[in-house]
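K.L.:
My questions all concern the structure below.
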Amino acid sequence: QVHLVESGGGLVQAGGSLRLSCATSASIFAFRTMAWYRQGTAKQRELVGKISSGGYTDYADSVKGRFTISRDNAKNTVYLQMNNLQPEDGAVYYCMVSTHSGFDFWGQGTQVTVSS
């Protein structure tokens, strides 16, 4: 079992920035992929971006150039830096990790609200 704890959500004005953190109970090297998803009100959960064990990143078109995923191996933490936030970015953001054996684990989510 892997436990994930997200933090860093909150209320921000449009154009502002937030950094989300996801601390894991296991070594980052246990994961094939670490990802951030979001789910807005009455919307389906969508992939925001992901980082592979090799450090390669990929992002949804809607956040490219504004959001950045990074990780701190020593702290077993993955981050989502979000810049130039817009009202449509408001959602509950979830951290997800996939182990090399194919198991997925999810965090509890953190709310991001962007006021116009």
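K.L.:
For the stretch 24-50, name all the residues that are under 14 Å from the mean Cα position of the chain (by Cα) and over 19 Å from Thr110 (Cα atoms).
P.N.:
Thr33
K.L.:
Considering each residue of the stretch 48-65, count those that are open to solvent by 60 Å² or more (accessible area, probe 1.4 Å) and not in a loop (DSSP other than H, G, I, E, B), and give that number.
P.N.:
The number of residues fulfilling the criteria is 3.
K.L.:
Considering (1) outside any loop (DSSP other than H, G, I, E, B); (2) open to solvent by less than 30 Å² (accessible area, probe 1.4 Å), say which one Thr68 fails and leave the rest.
P.N.:
(2)
K.L.:
Another one. Listed residues Ser62, Ser101, Ser115, Ser53; which is farther than 20 Å from Val5 by Cα and at pLDDT below 95?
P.N.:
Ser101
K.L.:
Among the residues of the stretch 78-109 satisfying the criterion of being more than 15 Å from Met34 (Cβ to Cβ) and either within 11 Å of the chain's Cα centre (by Cα) or aliphatic (A, V, I, L, M) (or both), which is surrounded by the most Cβ atoms within 10 Å (Cβ to Cβ)?
P.N.:
By that ranking, first place goes to Met82.
K.L.:
While we're on this one: Could you pull out the residue among Ala35, Ala42, Ala26 that is assigned to a strand (DSSP E or B), of a type in the set (Gly, Ala, Ser) and either open to solvent by 20 Å² or more (accessible area, probe 1.4 Å) or within 26 Å of Phe103 (Cα to Cα) (or both)?
P.N.:
Matching residue, one of Ala35, Ala42, Ala26: Ala35.
The values are calculated or read from the model by the stated rules, or taken from the named source; none is laboratory data. Note that this is a predicted model, so its numbers are computed, not measured. Ideal geometry is used to build each Cβ from the backbone, glycine not excepted, and the neighbour counts take in all protein chains shown. In case anyone asks, the SASA skips ligands and DNA or RNA and just uses the protein heavy atoms, side chains included. Shrake-Rupley method; radii C 1.70, N 1.55, O 1.52, S 1.80 Å.
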